1. Could you please give the count of residues in the stretch A:282-296 that are surrounded by fewer than 13 Cβ atoms within 10 Å (Cβ to Cβ) and of a type in the set (A, V, I, L, M)?
2. When B:Ile69 is evaluated against the numbered criteria (1) touching a helix residue (DSSP H, G or I) at 6+ places or on another chain (Cβ under 7 Å); (2) over 30 Å from B:Gly256 (Cβ atoms), which criterion, by number, is the only one it fails?
3. With the requirement that a residue be within 17 Å of B:Gly21 (Cβ to Cβ) and open to solvent by less than 20 Å² (accessible area, probe 1.4 Å), what does the stretch B:137-158 give you?
4. Quick check on my filter: what residues within the stretch A:324-344 are more than 8 Å from chain B (Cβ to nearest Cβ), open to solvent by 50 Å² or more (accessible area, probe 1.4 Å) and assigned to a helix (DSSP H, G or I)?
5. May I ask you to say which residue of A:Ser313, A:Ser321 is within 14 Å of another protein chain (Cβ to nearest Cβ) and in a loop (DSSP other than H, G, I, E, B)?
6. Scan the stretch A:107-131 for residues that are within 23 Å of A:Ile53 (Cβ to Cβ) and open to solvent by 10 Å² or more (accessible area, probe 1.4 Å) and jot them down.
7. Quick check: anything in the stretch A:95-115 farther than 30 Å from A:Val62 by Cβ and more than 14 Å from chain B (Cβ to nearest Cβ)?
8. Has the stretch A:117-127 got any residue that is within 23 Å of A:Val229 (Cα to Cα), more than 7 Å from chain B (Cβ to nearest Cβ) and in contact (Cβ under 8 Å) with a residue 60 or more places away in the chain?
Amino acid sequence: MDMKRAYYEDIELFKSGTILFWTIVLMVVLFTLPLFSSKYYLYLFNLMLVHVIVAVGLNILVGSTGQISLGHAGFFAIGAYSTVLLMSKLGIPFFPALILAAFIAAFFGFILGLPALRLEGPYLTIATLAFGLAIMHIIGHMELFGGRSGLRAPELNIGIQQLGWNLTLTTDFSKYYLILIIAILMVLGAINILKTKVGRAFVAIRDSDIAAEVIGINLTIYKTLSFAVSAFYAGIAGGLFAFVLGFVDPITFNFFLSIYFLVMIVVGGLGSIMGSIAGAAFITYLMYALFKNISDVPYVGDFVVSISQRWLSITGIDNLSAIALGLVMIGIMIFEPMGFFGIWIRTKKYWKAWPF
Amino acid sequence: MPFEQLLIEGLAMGACYGLFGLAVVMIYKTSEVINFAAGEMAMFSTFIVFHLLTFYHWPFWAALLAALIFAAVLGALVQYIFLRPAKNPTLLSLIVITLGVEMLLMGFASWKWGAEQKEFSLPISYMVTYEPIKGFVISQWAMAVFIIAAIIMAFLYVFFNKTNLGTAMRATQQNKHAAKIMGINTDRVFAFSWGFSSVIGLVAAVLLTTKTILDPQFMLEPFLKAFAAAVLGGMMSIPGVLIGGAIMGLLENFFGYAWPAWKPITAFVVIVLVLCVRPSGLFAKHWVKKV
């Protein structure tokens, strides 16, 4: 709806003063948030930021390039395990280890991208799904990866130990700032990728891969590149996730985690970066916090407890979050397939010409 | 374990996957939806059998019959409530809706019956064995699987070729709009195919519980394997999915015997390798997207 008159208008980061203002407000809020929140919420914010990185990366693949991935938990796991192993076994400092781990994940993304060149629809779904399951089983069955019990994350030392610079982050508070800065950089990176030649090629492939090939886009390069970029994001997020949790085990990276990632971007809005950020935050909140103490909430809690006692079982009350997630997924797809982003666009359109 | 034993067990397991894959293929054939909820729909109906048996002490066959009816209604309802209202859905949004149904059913089942494993005894057992030909030991369970799979195959063959509803389903699959013009109520055809698929899924799930355990997640892995079998068979062909299922079962059993630790994923790895060579499965014409 915003008409663009020059190329520069399309690539500039802040389209207007309003957007710049609200971005600054958001940044101030994000940087002061931990000062007012409890320990549990800090942990939740860290998870949200990690999920934001994955969701933004997955959106490049699913939303912008139009490929389907049900195996992103695999890349996430590769990032987490690689970071932990590179740091604890080889003694590589944190930042090089994280970036190296992300490149390892990107390499696997490239490998998975190769069969994806020929596959579409259900066939691509099963291939990515099989990849995710395979990664989960490999890390669960090899001694190097700690088997079923997993690995403990080393100390989060963001200095370089070999040179004597040590800066160990131990609290959720300090980790929050590290993850926040990395997340902001990753989101900026994603916004910029989508404005370059590469990003436009991705969108062209999504809209019609045959037409894209006809106008001279090399499908082999760009499809595998899209998988690799997306896996790179998941790898970075995985490396941070290992330190948020403090340990990694294969059960964490199961099939459902891949579904949650997919749901984040679908609920947020396919192809929209702000949408995937909102979706990641919302789904993380829904999964980890919204129904945590449901039985203590006045009225609603009593109602849920009485239903559970009368018809269902009281121990299974935690499953409310799975039910809510299912309803959100179905509801969004039926009523607003564009997700939060679609709702935002509609609201904006409505108020733009409001009295008329 | 001798070769014959592995062969028979693998084929029986494969027949289960194939049967369950039929549930996936039935829906994909008519409405082009990949039903990720198939496993959980079957799981929920199996829990109905369990509930009627344990808490109301119904006889097994009555409980199974009631659950079959429940499964048919459940399948049709899922289609009616969740899939019909979606406007111009894409492949991804259909996948997300069925995944949502999966979360919903799994959440309800764990809420109702708890996540712990259940005792669930059926009148068929894989401990009782027969030896019709010397060297070929076949368990009661494997025999039941083969007989039921054969009956369902024969039924589906007759159904698709001789009945009006079956013809209508094939017509809907070939061209939805043309079928509508010819006076077929395609929405009702979809609801019927979902009901049918759910019933077949329940049969496969009941057969599988005998071999495995009963808990709200027990159909997840069989579903993924059945889906892989369906993909291997080309998603569209009914004999294809049974052959795909047999390949899955045999691969899993033989590789699983050689390397037990890698049993759950060998079949998937083979699937991906096969898809690299034949991108549309073994038994389908090449899947070409319309421009």
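The values are calculated or read from the model by the stated rules, or taken from the named source; none is laboratory data. Everything numeric here is computed off the predicted structure, so don't read it as measured data. Please note: Cβ atoms are built from the backbone with ideal geometry, for glycine as well, and neighbour counts cover all protein chains shown. Protein only, heavy atoms only, side chains kept; ligands, DNA and RNA dropped before computing areas. Shrake-Rupley method; radii C 1.70, N 1.55, O 1.52, S 1.80 Å.
1. 0
2. (1)
3. Answer for the stretch B:137-158, where residues must be within 17 Å of B:Gly21 (Cβ to Cβ) and open to solvent by less than 20 Å² (accessible area, probe 1.4 Å): B:Val145, B:Ala149, B:Leu156.
4. A:Phe335, A:Phe340, A:Phe341, A:Ile343, A:Trp344 - these are the residues of the stretch A:324-344 that are more than 8 Å from chain B (Cβ to nearest Cβ), open to solvent by 50 Å² or more (accessible area, probe 1.4 Å) and assigned to a helix (DSSP H, G or I).
5. A:Ser313 is the lone residue from the list that is within 14 Å of another protein chain (Cβ to nearest Cβ) and in a loop (DSSP other than H, G, I, E, B).
6. Step one: of the stretch A:107-131, the residues within 23 Å of A:Ile53 (Cβ to Cβ) are A:107-113, A:116, A:128-129, A:131.
Listed by number, the residues that qualify are A:Phe107, A:Phe108, A:Phe110, A:Ile111, A:Leu112, A:Phe131.
7. Going through the stretch A:95-115, the residues farther than 30 Å from A:Val62 by Cβ turn out to be none.
The answer is no, given that none of the residues of the stretch A:95-115 is farther than 30 Å from A:Val62 by Cβ and more than 14 Å from chain B (Cβ to nearest Cβ).
8. In the first step, residues of the stretch A:117-127 are kept if they are within 23 Å of A:Val229 (Cα to Cα); the result is A:117-127.
Now drop any that are not more than 7 Å from chain B (Cβ to nearest Cβ), which leaves A:117, A:124.
Next cut, in contact (Cβ under 8 Å) with a residue 60 or more places away in the chain only: A:117.
Yes, that holds for at least one residue.
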